[in-house]
Structures are given as structure tokens and as C-alpha cells.
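First the structure, in the form of C-alpha cells, and then the observations on it.
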Amino acid sequence: MGRCVVPAAEEILDREFPVLDKGFVRLVDYMGGDQRIVQAARVSYGEGTKTVRQDAGLIDYLLRNEHTSPFEQVIFTFHAKMPIFVARQWVRHRTARLNEISGRYSVMPDEFYVPAPEDVAEQSTDNKQGRMPVPMAPDRAEGVRAAIGAVHKHAYAGYKKLLEEGTARELARVVLPLSLYTEWYWQIDLHNLFRFLKLRLDPHAQKEIRDYAEVLRDLASKVCPMAFESFERHLWGGVRFSNEEMVGLKMMLNGKPHGITGNAAERFEIKLTDS
């Protein structure tokens, strides 16, 4: 069988989908789809003799039982533009290939992320790495946005002055803040994309990278919709329990206290509430 062509994916290929105030994601290319996962699992060629329902069942079985290698047969190439602080979180997912714009070769454009008023909030009181779910009052939010914009203007003016004075681009760029926009081409297989999405769609992830993860999920699901149905069912919508927690569940089913104590009990009860 030749290259897998997915009509729904062809319709969105190379289209820019906006994210945040100046960013975007676009699907540049893809290799494979649901059919490629099925072929890899059956180690067969051609269209095969199974029905769509049987193919979906096989994909679901593979994902549920963590047979991951057939999902690695599907590969995506994305072109994305994002603030540097988002890129630094993104790049923690190391099983991928990327090529990023370089401030050593190029003069960086005057493009910085300024959060929307509804995304400006105080530090969370119960999450050391997050913000409160309720935004600041509009006047306070505009004050924060104005302060951020003033820093951007000052930093970029300093950057331009250094360049005009002949400073090397690789040195001049050090004055630019993490809110500067960068771009890259990012290639990843479906198995590792699922791992990325599992973490970056989570409510505990920073809101800005969640916005990118949502667009990545929407675009990739056009390529392999059956695989993403299984992802939603087992990885995103599912909950895993440890041996200790399984014992606790059995105790509860028998009408008894789960018997788990300390921090483990708190984590267990959060799982039960979320699920």
C-alpha cells in the first residue's frame, strides 16, 4: 500500500490555526493514519479484509494494553509559533525532532506575548506553579498588561540599540524576555504525541501550553480519528490505580473504609472525585 491519504487531514494541511495573541500551529505533513496503525499491528499489506469496526476495536485494544509500537508508525510534522516560555515547557518532551529559528542568524521580530485580560490572575494559594482560576478585576488586569507591554518595549529598544552599535546578534538577543515569540518545525510520532497531550491538556498544565495542546489534538485527530477516540477513552478520560488503591476500591465495594492513609489517601480520593 502506498502513502496513506486521509481526506479530512488533507483539508487542513498547511492552514494556520491561531493560538494566543500572535501564535499559531499548522500541520505541515503527516505519514500514516488509522489504517497504518492497523497494518503495522497485523504486519500485513494492502487494504486488508477487516471492517472499520474491527479496525477500531484493534486500535482500542492496542492502546488499552499499551502495545505502543504500531502508534509510532504515524508521524506528524507541525510548524508552530509560540512564546519562548511555552517552548521551554514544550521541549521537555524530548522524544521528537525539531528545528527552531535562531537568534544567532536572524534578527528577532518585535513580537511578544501579552496575556488576554481574562488570563491575568494572582498566584494560586494551593498550587505553587499555577495561577488562581478567577481572573483579576479588569482594571488590575489592564495594569498588569500595560506593565508587561512596557517591559517588552524597553527590552526590544535595547536589543535594537545593541544591534545598531554592531553587537553580535548572539549577544544582543540575551536582553530579550521569555515572552518573545519563537518558531519551530516539530516532528513527533503518535505514541509520543499522546504522552505530550496527556500531560499538557491536564488542568494543572499552564494555560498557555494547554491552548497549544488543544489545537495539536484537534489537528492530529483529523489524521487518525479512531486512535484519538481510544486516546480520549483510555489515556485522557481513564484513571489508573496502584495495587494499594485497588485494594482500597475492593474494600469500598464491600461497604468498608478504603484503609489508605496519609498523602496516599488524599491522592486516592482525588482520583475518585475526578473520575
Quickly run through region 91-107 and pick out the residues that are out of contact with any strand residue (DSSP E or B) (no Cβ under 7 Å at 6 or more places or on another chain) and touching a residue at least 60 places away in the same chain (Cβ under 8 Å).
His93, Thr95, Gly103, Arg104, Tyr105, Ser106, Val107
How many residues are within 30 Å of Glu118 (Cβ to Cβ) and polar (S, T, N, Q) if we restrict to region 208-250?
1
Considering only region 23-44, how many residues are aromatic (Phe, Trp, Tyr) and in contact (Cβ under 8 Å) with a residue 60 or more places away in the chain?
1
Quickly run through region 215-259 and pick out the residues that are in a loop (DSSP other than H, G, I, E, B) and touching a residue at least 60 places away in the same chain (Cβ under 8 Å).
Cys224
Only one of Ala56, Ala87 is among the small types (Gly, Ala, Ser), surrounded by 14 or more Cβ atoms within 10 Å (Cβ to Cβ), modelled with pLDDT of 90 or more and closer than 14 Å to Cys224 by Cα. Can you tell me which?
Ala56
Within region 253-275, track down each residue that is surrounded by 14 or more Cβ atoms within 10 Å (Cβ to Cβ) and either under 30 Å from Val6 (Cα atoms) or modelled with pLDDT of 80 or more (or both).
His258, Ile260
Qualifying residue in region 256-266 (condition: out of contact with any strand residue (DSSP E or B) (no Cβ under 7 Å at 6 or more places or on another chain), assigned by TED's automatic domain parsing to the domain that holds Asp14 and within 30 Å of Lys128 (Cβ to Cβ)):
no
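The values are calculated or read from the model by the stated rules, or taken from the named source; none is laboratory data. Treat the numbers as computed from the prediction; the structure is a model and nothing was measured. All Cβ positions, even for glycine, are placed from backbone atoms using ideal geometry, and neighbour counts span all protein chains on display.
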